[in-house]
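Please read the structure below before turning to the comments.
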Amino acid sequence: MNHVFPRHTKAKLPTAVAGDGCYLIDADGKRYLDGSGGAAVSCLGHSDAAVIKAVQDQVAQLAFAHTGFLTSEPAEALADLLISKAPGTLDRVYFVSGGSEATEAAIKLARQYHLERGAPERRHLIARRQSYHGNTLGALAAGGNAWRRQQFDPLLIGVSHIAPCYEYADRDGGESSYDYGQRVANELETEILRLGPETVMAFMAEPVVGATSGAVPAVQGYFKRIREICDQYGVLLILDEVMCGMGRTGHLFACEADGVAPDILCIAKGLGAGYQPIGAMLCSADIYAAVADGSGFFQHGHTYIGHPVATAAGLAVVQQMLDRDLISRCQTMGEMLQFALVERFGDHPFVGDIRGRGLFRGLELVTDREKKTPFDPSLGLAAKVKKAAFEAGLICYPMSGTRDGRLGDHILLAPPFILSEDQITELVDKLDHALEASLPAK
């Protein structure tokens, strides 16, 4: 009898028993190419010897020490390493166990920062439609995905949502890419003025939108304008790099590609590469000083923050990325993957857009390429693609609701950085098979 509460009670799942590089293996011996890294998690693959040894060594030495009493060497070392590579004035690291905890902590820290500075009226958070920031109630409220929010809406705090930077779907025909980005960025200023500049505490966004829209990067100049607006009105900029960060887009921190630095930054997923559950919130020296020179106490916390084994894993993961130059490899292999996808699907009648950065790529499916018309949601297209790909031995991350939480389908790809050229071919072949099995006849 099975007593696990699964994600879907009507799904019968195979049992994973082993990992081998870019592959997962089930109890029947079937091998699955992990084309999405789970959910953009397994950046080093599933059998990295150095990370496994680091976890084993740490758990043998010290498994747990509550941070209300003690700090630990791996937590201190990982924080130092992250800050040494972090953009802007990011200076402190608050370790958590996952992405939702990181974004939740960021929202609460933004509020407390303004309280410490004597501005209790700053209480409003602004985010974007078609964003995803996690599944705890605060993070879910910040996210702009209508489908995920719907049944919990009565429980959510009020958050304003402006337009995303989603060039493929939303740029006007006569508008340049840059002008489009400036137009949608300026919606932030409009919303700040509507709410009252003295009442807005922070703006939160993903540098490259992940699960909800399928690897959608902002256009050039968008985030620089966002940064200018935040600075002008004293609004904190929170960047959510839970899915797109930690090398995934070809930069250790995804915002580096946009030439901006946030006040608060959230990471997870690739930080632990699946070897341990870990996330982190990084904040600027100024934000930390406001708390340190004020109450001295961030009124937040979880039992497993700064967990020694989790931080030891994170430290080993980041060291592997840097020592083996895997972030540059992610850029190179990402370009190869993009080329292979365009070569195979660039003229496909039902593939409207192929986008992304690094090894973070998305394909948007449409019924009419010229009009960019989404498929009817009743077809359940994303679910069909996921099932067909899985049967073919490919794990990918299709989602529906790409445009507005109801309309649209996309496929997200986020394979391990150790992906080979042969595995790119395997991925594209299996994805082609899945699309052939799921889409209408061409």
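Of all DSSP beta bridges confined to the range 159-289, the antiparallel ones make up roughly 45%.
Would you mind getting me the FRET efficiency between Asp170 and Val4? Use the beta-carbon distance for r and R0 = 45 Å, nearest 0.05. It comes out at approximately 0.65. On the range 352-391, 48 percent of the accessible area sits on carbon and sulfur atoms, based on a 1.4 Å probe.
For the range 301-442, what is the relative contact order in percent, using Cα pairs closer than 8 Å and at least 6 residues apart in sequence?
Here the relative contact order equals 22 percent.
Coordinate range of the alpha-carbon atoms in the chain per principal axis, descending: 64, 60, 44 Å. In this simple spin-label approximation, Thr136 and Phe152 carry label points 7 Å from Cα along the Cα→Cβ vector, and these lie 1.1 nm apart. Protein heavy-atom accessible surface, 1.4 Å probe, per residue over the chain: 43 Å². In terms of packing, defined here as the mean over residues of other Cβ atoms within 10 angstrom, the peptides 214-224, 44-54 line up highest first as 214-224, 44-54. Note that the range 217-277 carries a Kirkwood radius of 12.3 Å, evaluated over its alpha carbons pair by pair.
For Met336 and Lys30, FRET efficiency with R0 = 22 Å and r from the beta-carbon atoms, rounded to 0.05?
Numbers: r = 26 Å, r/R0 = 1.20.
Calculated value: 0.25.
For the range 101-211, the Kirkwood hydrodynamic radius from C-alpha pairs, put into Stokes-Einstein at 25 °C and a viscosity of 0.890 mPa s, yields a diffusion coefficient of 165 µm² per second. Taking all Cα pairs closer than 8 Å and separated by 6 or more residues, the relative contact order of the chain comes to 22 percent. Remark on the range 141-202: Rg and Dmax equal 14.3, 41 Å (Cα only).
The share of accessible area on the range 140-278 that comes from carbon and sulfur is 48 percent, using a 1.4 angstrom probe. For Leu322 and Asp91, what does the FRET efficiency come to when R0 = 22 Å and r is the distance between their Cβ atoms, rounded to the nearest 0.05? Using R0 = 22 Å, I get an efficiency of 0.65. Computed about the Cα centre, the dipole magnitude for the range 92-246 is approximately 320 debye when only Lys and Arg (+1) and Asp and Glu (-1) carry charge, each at its Cβ. From most to least packed by mean Cβ count within 10 Å, the peptides 267-273, 362-368, 383-389 give 267-273, 362-368, 383-389. When only the Cβ of Lys, Arg, Asp and Glu is charged (+1, +1, -1, -1), the dipole of the range 232-391 relative to its Cα centre reaches about 560 debye. Rounded to the nearest 20, the size of the Cβ-charge dipole of the chain about its Cα centre is 1000 debye, with Lys and Arg at +1 and Asp and Glu at -1. For the range 28-139, the share of accessible area belonging to carbon and sulfur comes to 53 percent (1.4 Å probe, ligands and nucleic acids excluded). Of all beta bridges that DSSP places with both ends in the chain, some 70 percent have antiparallel geometry. Note on the range 254-378: semi-axes of the ellipsoid equivalent to its C-alpha gyration tensor, largest first and rounded to whole Å, are 38, 20, 15. Sorting Asp28, Asp240, Asp263, Asp429 by solvent-accessible area of protein heavy atoms yields Asp28, Asp429, Asp263, Asp240, largest first, with a 1.4 Å probe. Counted residue by residue at 0.36 nm each, then reduced by the alpha carbon distance between them, the extension gain from Glu76 to Ala437 reaches 124.9 nm. The length gained by stretching the chain between Ala63 and Ser47 to full extension, at 0.36 nm per residue less their Cα-Cα distance, is 3.6 nm.
Among 139-146, 200-207, 3-10, sorting by the average number of other beta carbon atoms lying within 10 angstrom of each residue, highest first, gives 200-207, 139-146, 3-10.
The values are calculated or read from the model by the stated rules, or taken from the named source; none is laboratory data. None of the values given here were measured: they were computed from a predicted structure. Virtual Cβ from ideal backbone geometry, glycine too; neighbours counted across all protein chains shown. Heads up: the accessible areas ignore ligands, DNA and RNA and are worked out on the full protein's heavy atoms, side chains in. Shrake-Rupley method; radii C 1.70, N 1.55, O 1.52, S 1.80 Å.
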